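Undergrad: Before we start, here is the structure in question, set down as structure tokens.
What follows draws every value from the coordinates through simple rules; no lab data is involved. Please read these numbers as outputs of a predicted model, since none were measured by experiment. So basically every Cβ, Gly included, is an ideal-geometry build from the backbone, and we count neighbours across all protein chains shown.
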Amino acid sequence: MSLTLVLPPLTQLNTPYPSISYLANHLRSKGVSCTQRDLGIELVLKVFSQAGLQDVFKELEGQDELPEPAWRALSLQRTHLSVIDGVVAYLQGKDSSLAARIVEGSFLPAGPRIQRADLRAFGIMGTGDAARYMATLYLADLADLVTACIDDGFALARYQAHLATAAASFDPLWERLQSTTLIDRYLDELGDSLDSEIVGLSVPFPGNLYGALRLGKRLRERGIYVVMGGGYINTELREVEESRLWQCVDAITYDDGEGPLDAILQFRSGGKDTRHRTRTEAQVFDMPAETPKTSIGAFYGELNLGQYLQTIDTLNPAHRLWADGRWNKITLAHGCYWKRCAFCDVSLDYIGRYEAAPIRDLVDHMEETVQLTGQRGFHFVDEAAPPKLLRDLALEILRRNLTITMWGNIRFEKSYDEDLCRLLAAAGLIAVTGGLEVANERLLRRIDKGVSVEQVARCAASFQSAGVMVHAYLMYGFPTQTVQESIDSMELVRQLFAAGLIDSGFWHRFVLTRHAPIYSAPDSFGVQLVPLKSAAFAQNDVPHLDPSGGDHDLFDEVLPGALESWLRGQELALPVHKWFPGKMPRTKESPTRIQDALNSRSQPKKQARLLWIGGEVIESDAGLTLHTSDGEVLIEGKAKEIAWLSELLDGCRADDEAVLLSSATNRFPGNWQAFGERWSLVRELGLLLI
């Protein structure tokens with residue numbers, strides 16, 4: 001039975017969203033073959049091509065009223081048609097010679113975004129990045145043209161997302177499905193090229209839903225069996241009661257798709273009906289007591305990885321990681337090991353069921369993926385990568401002498417001290433993202449976040465000391481949060497930036513969902529739920545009132561603006577209340593609170609493992625020469641001390657048996673206190689306590 005797994009438009013342009021590739025990896029482990037199609041990138045490449053722009057301009061020429069940028073684009077259509085294929089090829093990494101022409105200024109037809117571009121941040125040596133930034137803005141200008149004049153739901157990374165976000169009613173989506181724009185015609189053509197008995201549609205975000213529904217409806221009309229799953233389905237459609245949905249899909253699956261898809265394939269092949277975590281028009285198949293192991297990583301199969309666009313659409317360094325480069329996706333552990341945050345969907349399987357992957361299997365998969373894709377970059381898609389697993393992963397990478405680049409989400413745990421962070425950086429970690437959220441002690445306790453502001457500061461300092469970039473997820477508008485608390489949170493974030501502890505951040509406003517602990521006990525969080533109208537479709541986001549909280553609307557525009565300046569190193573001395581147009585209270589936080597947290601360091605470990613991540617160790621009559629990437633350092637001392645240190649470092653590699661600090665110091669042949677300064681130097685050069 002033939003199967004095609006499809007990612008509908010639109011998600012990322014730089015790398016395949018991993019949902020269908022995780023399923024493909026699972027099926028491969030069971031000897032089942034499938035085809036993968038990312039119709040998002042395929043749609044974008046159809047639109048942003050010479051033939052696609054010709055169709056766009058024909059549509060514009062048939063309209064009587066157009067905005068000024070559209071008239072300008074029409075007047076420059078000959079130039080647009082001559083450069084578009086080259087620009088796309090450049091973003092695909094196929095023609096680096098175009099960089100100088102793109103940056104020069106007159107090559108690209110200038111739309112509103114390009115006209116506002118400021119390339120000073122790239123410096124005199126940043127031609128490649130500057131060109132990718134300009135090329136991205138060029139595509140964004142063209143996308144704005146399509147949005148304004150042809151299809152108001154089109155964007156570079158989503159399609160008709162506004163119709164699916166908090167969509168309590170199916171009516172707007174259904175009405176839109178009855179019409180056809182140029183973009184829809186392209187999507188229909190892509191759908192018609194699918195030729196399998198079963199098609200699985202992955203819907204991770206609101207911006208994928210409309211495309212999935214349109215594809216599903218057209219596929220069903222051809223007699224193809226359509227299954228739909230993914231993150232949006234899991235959170236939004238767990239209690240869906242919309243009859244028209246079944247004109248677009250035969251079955252929807254919940255939680256991880258491996259088990260439900262296995263059962264559907266078995267049933268459709270004439271085998272025993274073991275369907276579960278699945279809903280059809282006629283029946284809901286309950287969740288089984290046991291769930292299959294989920295895939296630890298993605299298998300990209302025949303996906304053409306060279307077709308993706310290496311865009312730069314933001315100067316935020318952490319957000320750039322999402323769009324810049326092609327990252328292989330991998331999972332250290334399914335679910336969240338903390339799973340207590342009051343705002344989080346902890347009752348759902350993807351959070352609540354914690355399942356760690358065997359480290360050797362993970363690294364085996366990483367090696368295989370590098371061989372298959374030629375790419376050594378990995379993005380951990382964990383809710384929060386556990387520190388112990390990251391440590392063991394780093395050790396295994398060093399044991400195998402692999403070159404890997406990796407980043408992912410963490411919790412700001414106190415276990416991330418300088419030594420662990422240096423180990424992770426030595427194994428290839430370049431960035432972490434983690435939740436500070438409200439940056440207020442009272443609210444952090446109410447959330448049950450399990451961290452303090454001081455702990456976040458010390459943890460971030462450890463990563464920064466290892467050269468690892470730190471991005472903070474921030475929240476405002478949490479129930480009962482006062483204006484004063486929001487101002488104080490803003491001040492602490494300012495201090496974190498001023499101290500160089502975080503490189504970037506993102507502030508989002510609190511959203512109450514049906515699967516979070518707050519929904520189950522609103523009174524205890526000071527929340528009043530607003531009764532929903534009779535809903536037959538998406539039922540995840542819950543309207544609520546916050547009677548004891550402050551006016552959260554005051555912060556909607558100010559917080560992003562301040563954050564943008566701080567990550568550029570600007571306005572860090574400006575008192576936070578001065579960011580607001582009206583009168584606001586001054587912060588009550590100590591101006592040295594973050595710095596004071598850094599002055600309070602944890603006690604050194606006594607039973608830790610010693611690990612040498614430095615270079616070669618050469619013993620001579622003069623002492624012990626330690627080689628590092630920055631040069632070499634001579635450690636002098638008595639012959640017995642030098643011999644002890646040489647033997648110790650030679651036996652403390654990642655592939656050696658563990659050597660504990662206590663046993664090593666007990667064997668020291670001299671005055672340990674007198675050796676202390678040299679020991680500290682060796683520690684700086686790469687001797688870690690893990």
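Undergrad: In this model, which of Lys217/Lys272; Lys94/Lys388; Lys449/Lys588; Lys272/Lys388; Lys388/Lys449; Lys329/Lys414 are farther than 31 Å apart at the alpha-carbon? Display every interim value, and only then the final one.
TA: Working: Lys217/Lys272 28 Å; Lys94/Lys388 40 Å; Lys449/Lys588 22 Å; Lys272/Lys388 41 Å; Lys388/Lys449 19 Å; Lys329/Lys414 26 Å.
Pairs exceeding the cut-off: Lys94/Lys388; Lys272/Lys388.
Undergrad: Here is a follow-up. In Å and whole numbers, how far do the C-alpha atoms of region 97-225 stretch along each principal axis, longest first?
TA: 57, 31, 24
Undergrad: What is the Rg over Rh value, at two decimals, for region 164-303, using alpha-carbon atoms and the Kirkwood definition of Rh? Spell out each step's value before the answer.
TA: Values: Rg = 15.2 Å, Rh = 15.9 Å.
The Rg/Rh ratio comes out at 0.95.
Undergrad: Tell me the angle of helix 453-465 to the major Cα principal axis of the chain, expressed in degrees between 0 and 90 and rounded to the nearest ten.
TA: Tilt relative to the chain: about 80 degrees.
Undergrad: Using only the Cα atoms of region 16-126, build the gyration tensor, take square roots of its eigenvalues as a ≥ b ≥ c, and label the shape rounded, prolate or oblate: rounded if a/c is under 1.5, else prolate if a/b is larger than b/c, else oblate.
TA: Numbers: a/c = 2.76, a/b = 1.55, b/c = 1.78.
Verdict is oblate for region 16-126.
Undergrad: On a 0 to 90 degree scale, rounded to 10, what angle separates helix 182-192 from the longest Cα axis of the chain?
TA: For 182-192 against the chain, the angle is about 80 degrees.
Undergrad: Taking neighbour counts of Cβ atoms within 10 Å as a proxy for exposure, in what order, fewest first, do Phe343, Phe506 appear?
TA: Details: Phe343 24, Phe506 16.
So the residues, fewest neighbours to most, are Phe506, Phe343.
Undergrad: Return the lysines within reach of Lys58: Cα separation strictly under 20 angstrom, same-chain partners fewer than 8 residues apart disregarded; answer none if there are no such residues.
TA: Lys46
Undergrad: Another question about this same structure. Using the number of other C-beta atoms within 10 angstrom as an exposure proxy, rank Lys449, Lys272, Lys46, Lys329 with the fewest first.
TA: Ascending number of Cβ neighbours within 10 Å: Lys272, Lys46, Lys329, Lys449.
Undergrad: Go through 168-174, 279-285 and give me the packing order, highest mean Cβ count within 10 Å leading. Please report the intermediate quantities before stating the final value.
TA: Values: 168-174: 17.1, 279-285: 14.0.
So the peptides 168-174, 279-285, ranked by packing, come out 168-174, 279-285.
Undergrad: Let me have the 222 nm mean residue ellipticity of the chain computed from DSSP H runs of 4+ only, each contributing -39500 (n - 2.57), with the sum over all residues rounded to the nearest 500.
TA: Details: 28 runs with 281 residues, N = 690.
-12000 deg cm²/dmol, from helical runs alone.
Undergrad: What fraction, in whole percent, of alpha-carbon pairs in region 609-689 exceed 18 Å separation? Could the numbers behind the result be given before it?
TA: On the way: 1122 of 3240 pairs.
Distances greater than 18 Å cover 35 percent of the Cα pairs.
Undergrad: Now a separate question. For the ranges 202-213, 482-493, 580-591, what's the packing order if you count other beta-carbon atoms within 10 Å of each residue, average per peptide, and put the highest first?
TA: Values: 202-213: 26.2, 482-493: 22.2, 580-591: 13.2.
For the peptides 202-213, 482-493, 580-591, the packing ranking is 202-213, 482-493, 580-591.
Undergrad: Another question, if that's okay. What are the radius of gyration and Dmax of region 195-259, computed over its Cα atoms and given in Å?
TA: Both quantities, over Cα of region 195-259: 11.0, 31 Å.
Undergrad: Can I get the semi-axes of region 256-411's equivalent ellipsoid? Compute them from the C-alpha gyration tensor as square roots of 5 times the eigenvalues, in angstrom, largest first. Intermediate values should be presented prior to the final figure.
TA: Values: eigenvalues 184, 83, 65 Å².
Its equivalent ellipsoid spans semi-axes of 30, 20, 18 Å.
Undergrad: Arranged from highest to lowest average of other beta-carbon atoms within 10 Å per residue, in what order do the peptides 8-15, 113-120 appear?
TA: Values: 8-15: 24.5, 113-120: 12.5.
For the peptides 8-15, 113-120, the packing ranking is 8-15, 113-120.
Undergrad: At q = 0.10, 0.11 Å⁻¹, what log₁₀ I(q)/I(0) does the chain have when each alpha carbon counts as one equal point scatterer in the Debye sum?
TA: -1.11, -1.32
Undergrad: Rounded to two decimals, what is Rg over Rh for region 522-565 when you use alpha-carbon atoms and the Kirkwood radius? Intermediate results must be reported in sequence, preceding the final value.
TA: Details: Rg = 14.9 Å, Rh = 13.2 Å.
Value, to two decimals: 1.13.
Undergrad: Considering the Cα positions of region 536-690, please state its Rg to one decimal place and its Dmax as a whole number of Å.
TA: In Å, with Rg to one decimal and Dmax whole: 26.8, 82.
Undergrad: More than 22 angstrom separation, counting every C-alpha pair in region 327-599; what % is that? Let's see the in-between values first.
TA: Values: 22326 of 37128 pairs.
In whole percent, the long-distance tail amounts to 60.
Undergrad: Tell me the relative contact order for region 46-152 as a rounded percent, counting alpha carbon contacts under 8 Å between residues six or more apart.
TA: On the way: 91 pairs, mean separation 31.8, N = 107.
With pairs under 8 Å counted, the relative contact order is 30 percent.
Undergrad: Shifting gears a bit: Rank the residues Asp144, Asp551 as a footprinting-exposure proxy: fewest other Cβ atoms within 10 Å of their Cβ go first. Please list the in-between numbers first.
TA: Numbers: Asp144 20, Asp551 11.
With the sparsest Cβ surroundings first, the list reads Asp551, Asp144.
Undergrad: Using a 4.7 Å cut-off between beta carbons, which cysteines in the chain end up with no partner cysteine at all?
TA: For the chain, the answer is Cys34, Cys149, Cys248, Cys336, Cys421, Cys459, Cys652, because their Cβ atoms have no other cysteine Cβ under 4.7 Å.
Undergrad: Averaging the inverse of every distinct alpha carbon separation and then flipping it gives the Kirkwood radius. What is it for region 593-655, in angstrom units? Provide the component values of the computation, followed by the final result.
TA: On the way: mean 1/r = 0.0716 Å⁻¹.
Roughly 14.0 Å, rounded to one decimal.
Undergrad: Which value, in debye to the nearest 20, describes the size of the charge dipole of region 282-407 about its Cα centre when Lys and Arg Cβ atoms bear +1, Asp and Glu Cβ atoms bear -1, and nothing else is charged? Walk me through the intermediate numbers first.
TA: Values: 13 positive and 16 negative charges, 91 e Å.
Here the size comes out at about 440 debye.
Undergrad: Given an 8 Å cut-off on Cα distances and at least 6 residues of separation, report the relative contact order of the chain as a percent.
TA: Working: 1233 pairs, mean separation 76.7, N = 690.
Relative contact order for the chain comes out at 11 percent.
Undergrad: Based on the alpha-carbon gyration tensor of region 367-437 and its eigenvalue square roots a ≥ b ≥ c, which shape applies: rounded if a/c is under 1.5, prolate if not and a/b is larger than b/c, or oblate?
TA: Values: a/c = 2.36, a/b = 1.48, b/c = 1.60.
Taking the square roots of the gyration eigenvalues as a ≥ b ≥ c, region 367-437 is oblate.
Undergrad: What percent do you get for the relative contact order of region 609-689 when only Cα pairs under 8 Å and 6+ apart count? Let's see the in-between values first.
TA: On the way: 104 pairs, mean separation 32.1, N = 81.
Relative contact order of region 609-689: 40 percent.
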